[in-house]
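Below is one structure, written out as structure tokens; the observations come after it.
Every number here is computed from the coordinates shown, using simple stated rules; none is lab data. Predicted model, so just to flag it, every value in this text is computed and none were measured. Cβ placement follows ideal geometry from the backbone for every residue including glycine, while neighbour counts extend to all protein chains displayed.
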Amino acid sequence: MLSSHFNPQELETRWYQHWMEKNYFHSEPDEREPFTIVIPPPNVTGVLHMGHMLNNTIQDILIRKARKEGKNACWVPGTDHASIATEAKVVGMLREKGIKKSDLPREEFLNYAWEWKEKYGGIILDQLKKLGCSCDWERTAFTMDPKLSQAVIKVFVDLHKKGKLYRGLRMTNWDPSAKTVLSNEEVIYKDENSQLFHIKYAFEDNPAEGIVIATQRPETIMADVAIAVHPDDERYKNIVGKKVLIPLIDRAIPIIADSYVDMEFGTAALKITPAHDQNDYEVGQRHNLEVIDILNADGTLNEAAQILVGEDRFVARKKIKKLLDEGGHLVELENYVTSIGTSERTGAVVEPRLTKQWFLDMKDFAATALKAVKEGDVKFFPENMWNMYYSWLQEDNIRDWCISRQLWWGQRIPCWYLKSDESETPFVAEGEKEALEQIRAHFNDNNIDLDDLHQDEDVVDTWFSSWLWPITVFNGFDDQKELEYYYPTNVLVTGWDIMFFWVARMIMAGYEFAPELLGENARGIQPFKDVFFTGMVRDNKRRKMSKSLGNSPDALTLIDKYGADGVRYGILSCTSAGADIIFDAPIDPATGEVLNESKLCEQGSKFCNKMWNALKLIKGWKVEDKEQGKVEKLAIEWFENRLQQVGNQLEIYFEEYRFSDAILSLYKLIWDDFCSWYLEWIKPEDGTISKATLEATIGLFEKQMSLLHPFMPFVTEEIWHQLKDRAKGEDVIVTPFPEKKAYDKNLVAAIEKAQTLVTKIRETRASNQLSSREPYPLYAEKVAATEKLFATDGMAELVSKAANLSNLEISEKGEGIAFLSGAEKYYLGAEVEVNVEEKKAELEKEIEYQKGFVNSIEKKLSNERFVSGAPAQVVDRERQKLADGQARIKILEEELGKL
RNA sequence: GGGCGCAUAGCUCAGUUGGUUCAGAGCACCUGCCUUACAAGCAGGGGGUCGGAGGUUCGAAUCCUUCUGCGCCCACCA
């Protein structure tokens, strides 16, 4: 006995377990064609959010489809160690315990971090299981697994050997919260309301006079080493070379001339602070100026500042404002909107800082990555993502990748230095022993010991390990057997926001290492053939859904409420490639909190319920030894063809990654065509049905479940099994799709015509307040189109059943309520009181409209350039439309005449 | 400052080389139905001069120009 409502929770667990037991998700290389996807590894500390739901649902659809097509489908799951984010969390956790990171040795800190990872690391993967993701869990990888880390080290050494990695002192982006350097891509610029401080610096030799500069950062004046003006600036020409005193600390600095200064901006005089600004640093280099760094790693002022020592930079700004004002140095305050760099991970305002870091030379990499997409070896969906890609990678824009991070959680840089070597000559090697050899050889001293060396304290950027992901998950750097089979992967599904962080860099790594690893055995060297970029999931106010904004519904609560299939449906139906996704999750106006509700997911769960009820209907029928009726025969034939049509269309949607169109077409097929039309047609009065019809219906239902399975795996598997007894292993997850073949367009069109007629009859009933339960006769006017329609065996019965007719007759004339379906006239044989005036007005209005319609077509057809210029097909269509229109007018006028 | 994209029904969006059923879908709304699978449902309905203006064409939501309003990416101007 089936429950009255579809109940997803229990069966989702049951089916997932069943699939796992059958090992359907696991893949081993064999003779079949592989279909590979590597998951964009979520942060190990992360929890499932709407963005994950979206791209993992899509990946699951693709992988399930491939599996059903008989390919060797392999979806590799895993997580990313996310150094900054994870380290920040562990530091926070320790702080709560009263432990400072700086008090811990590296080893001990890492033990805590691993403990943390073991405890929370698997959460997001378990959540993916709830969503139904059919990942090969035996292959679950982690970017800090020993083999993956080993590969990072190898790659580091290799790139160093090739001369693509170098260490240097550069102006870098410093995150004072995480206390590490960041790559350019990790800096997010935001507009902020700020103030421009106009500050007067007095001349050393004439303290009464001075020069006014403009700055946003008054707290850095103690690090000033010069004032710069434009060499052509007449206002300042005669004071270049003079010295001025820095306010408050009275250190003398020169006025210099440099064409970098913009004569139009501010006061056209610029303070030069090489330690705390990229441009100032460059100016300083040109003029051989000193670098005075007044900031500590955590953003507080150091001794060099002389005043406000120990204060945070933003506190210092407030305080120095007061000091400058009191000292009479502050001339003006101007409101100003400025773009300010913040850390992608911690949100802290990034500080330009001069540090020694490791960089990867990007020139060749960028060119290769650009070419791969340009030449179509890697295809982007949607195509226009190329623009963004290009703008970042083009030669004069790309900058070297800063890959070192001042963190502990991650792969430690395989570089050793001789402790006594003040110039810090780096020795890059896979291990300390190899490094020792190099160092002994270099310094020509065999007495040097391991104790005399020290390893670089830093780790590499997380992305320097994840850029190898499509290779390392198959242990490609150790043993190429699996790589040969699975690489290149078929498609990457990810958000465009990590195009630079990850997508571009994976392409670079693929082209750099796959040829070396695979040689002639490579089926391709690109890491993936297609990239499907999903949009960002936003709320109904178009804000990006994020944990910090609190505007994202809780993924698991949604799954609890609507079922995994319902949520999958909901998220898919608002997905279009590349475009942002407005996921409507209403917000409680009273509390401002997001309600874990979604209309679209609700629609998805109702859809499940609908299918469930169709199942109940079919299962309630008893087979009786009786002949199959005409209606059933025709309905079955029609639905087979209609199903074929949708199946073919689905194939096109898949090729173009149009998931919302795909699921909507299945929704309509099942709800409208199958439930509303087909089942109503074959539904018996007495609950008994012929064997042939029941079997055909089950077969049709099966096929629909098969087509829908990749999108909504649980409900389809359940119904598939409820429909009939299955042999062991006969699960829809591994059942091939229905065969693709041509369908009968004429039959589909004919039924559509019949459906239009049925709707017209219902409409006529409704507008005349006639009960839908009362059978009435229908008279069809004898015209060619009508005769043709009803020549199909069973068509009259089909229409009669759907429209509840007592009789359907084609005759020269009929009586009752006249109406039009297409250009054909029908009469519904019912007596109604007719309001003549109303009816007249209605007809006149309709005639007028039809005449306008006919006029416009006549005009078109009398235009010779149209008749000669347009394709014959189009002209024929217009002629048909004209004839239909004229026929309609004739009928309407006859009706009018009768009144 | 450079570049990309979007604007179609109250809302979210389709509309694939200009031409059938080109002005559509879902939700929302209105009307009538507790018809034995489903009220988480059934049957029907109203609603848009396709952002504005010009142009190309026999024909424009679709191509071009321009304006307006949004969104995004990139870029070292205090």
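List of remarks:
- Pairs exceeding 24 Å between alpha-carbon atoms, taken from A:K619/A:K740; A:K683/A:K760; A:K130/A:K741: A:K619/A:K740; A:K130/A:K741.
- Within the straight-line cut-off of under 17 Å between alpha carbons, the lysines reachable from A:K129 are A:K22, A:K561, sequence neighbours fewer than 8 places apart in one chain being disregarded.
- Among the chymotrypsin sites (Phe, Trp or Tyr not before Pro) in the range A:215-295, those located in a DSSP loop and surrounded by at most 15 other Cβ atoms within 10 Å of their own Cβ are A:Y260, A:F265.
- Difference of contour (0.36 nm per residue) and Cα-Cα distance, A:E303 to A:N446: 47.3 nm
- Cα centre as origin, Lys/Arg/Asp/Glu Cβ charges: chain A dipole, Debye: 1800
- Alpha carbon centroid spacing (whole Å) that separates the range A:551-576 from the range A:443-515: 34
- Helix axis angle, A:8-21 relative to chain A longest principal axis, alpha carbon, degrees: 70
- Fewest-first ordering of A:S605, A:S420, A:S573 by other beta carbons within 10 Å of each residue's beta carbon gives A:S420, A:S573, A:S605.
- Beta bridges per DSSP, both residues in chain A: antiparallel share near 70 percent.
- Peptide ranges A:816-823, A:533-540, A:450-457 listed from the most packed, as the mean C-beta count within 10 angstrom indicates: A:533-540, A:816-823, A:450-457
- Between helix A:659-668 and chain A: long-axis angle, C-alpha atoms, 0 to 90°, nearest 10: 20
- Around A:Q628: net Lys/Arg minus Asp/Glu count, Cβ-Cβ under 13 Å: -4
- Close amide H partners of A:L407, meaning residues 5 or more places away or on another chain with modelled amide H under 5 Å apart, are A:V459.
- What the Cβ-Cβ distance of A:F654 and A:E107 gives, at R0 = 45 Å and to the nearest 0.05, is a FRET efficiency of 0.35.
- Highest average packing first - A:705-717, A:110-122, A:64-76, Cβ atoms within 10 Å: A:705-717, A:64-76, A:110-122
- Using θ = phi - 60° and Karplus 6.51 cos²θ - 1.76 cosθ + 1.60, couplings along the range A:61-69 (whole Hz; Gly, Pro as x): 4, 5, 6, 5, 5, 4, 4, 5, 7
- Pairs from the list A:K374/A:K544; A:K633/A:K881; A:K840/A:K860; A:K668/A:K753 with a Cα-Cα gap above 28 Å: A:K374/A:K544; A:K633/A:K881; A:K840/A:K860.
- Based on C-alpha pairs under 8 angstrom that are at least 6 apart in sequence, the range A:267-416 has a relative contact order of 16 percent.
- Pairs of Cα atoms nearer than 8 Å and 6+ residues apart set the relative contact order; for the range A:125-223 it is 12 percent.
- Simple label model, 7 Å out from Cα along Cβ direction - A:K243 to A:E842, nm: 10.1
- From helices alone, chain A scores -13500 deg cm²/dmol at 222 nm; the rule is -39500 (n - 2.57) for each run of n ≥ 4 DSSP H residues, then divide by the residue total.
- Projected label points at A:K161 and A:Y390, each 7 Å from Cα along the beta carbon direction, are separated by 3.7 nanometres.
- Ordered by the count of other Cβ atoms within 10 Å of each Cβ, fewest first, A:V473, A:V834 give A:V834, A:V473.
- Backbone geometry of the range A:200-212 corresponds, through the Karplus equation with coefficients 6.51, -1.76 and 1.60 at θ = phi - 60°, to 3J(HN,Hα) couplings of 9, 9, 7, 5, 4, 8, 8, x, 6, 9, x, 10, 9 Hz, x marking Gly and Pro.
- Averaging 1/r over every pair of different alpha carbons in chain A and inverting the result gives a Kirkwood radius of 33.5 Å.
- Per-bin percent of Cα-Cα distances, the range A:524-662 [5 Å]: 2, 8, 11, 14, 15, 12, 11, 9, 7, 5, 3, 2, 1, 0
- Estimated distance in nm for a label pair at A:L556 and A:V315, the labels positioned 7 Å out from Cα along Cα-to-Cβ: 3.9
- Just so you know, the Cα atoms of the range A:399-456 work out to an Rg and Dmax of 12.4, 41 Å.
- Once C-alpha pairs closer than 8 Å and six or more residues apart are averaged by separation and normalised to the residue number of chain A, the relative contact order reads 12 percent.
- Order of A:S339, A:S546 - criterion: other Cβ atoms within 10 Å of each residue's Cβ, fewest first: A:S339, A:S546
- Qualifying aspartates and glutamates (Cα of each under 13 Å from Cα of A:K65; at least 8 residues distant if same chain): A:E651, A:E655
- Between the range A:311-357 and the range A:635-714, the C-alpha centres lie 64 angstrom from each other.
- Less than 5 angstrom separates the built amide H of A:A226 from those of A:I272, all sequence-distant by 5 or more or on a different chain.
- Residues whose placed amide H lies under 5 Å from that of A:N72, excluding near-sequence neighbours: A:E33, A:F35
- Across the range A:39-50, rounded Karplus estimates of 3J(HN,Hα) from the backbone phi angles (6.51 cos²θ - 1.76 cosθ + 1.60, θ = phi - 60°) give 6, x, x, x, 4, 4, 8, x, 10, 4, 10, 4 Hz, Gly and Pro being marked x.
- Pairs of Lys residues in the range A:154-301 are counted when their Cα atoms are under 20 angstrom apart and they lie 8 or more places apart or on different chains; the count is 9.
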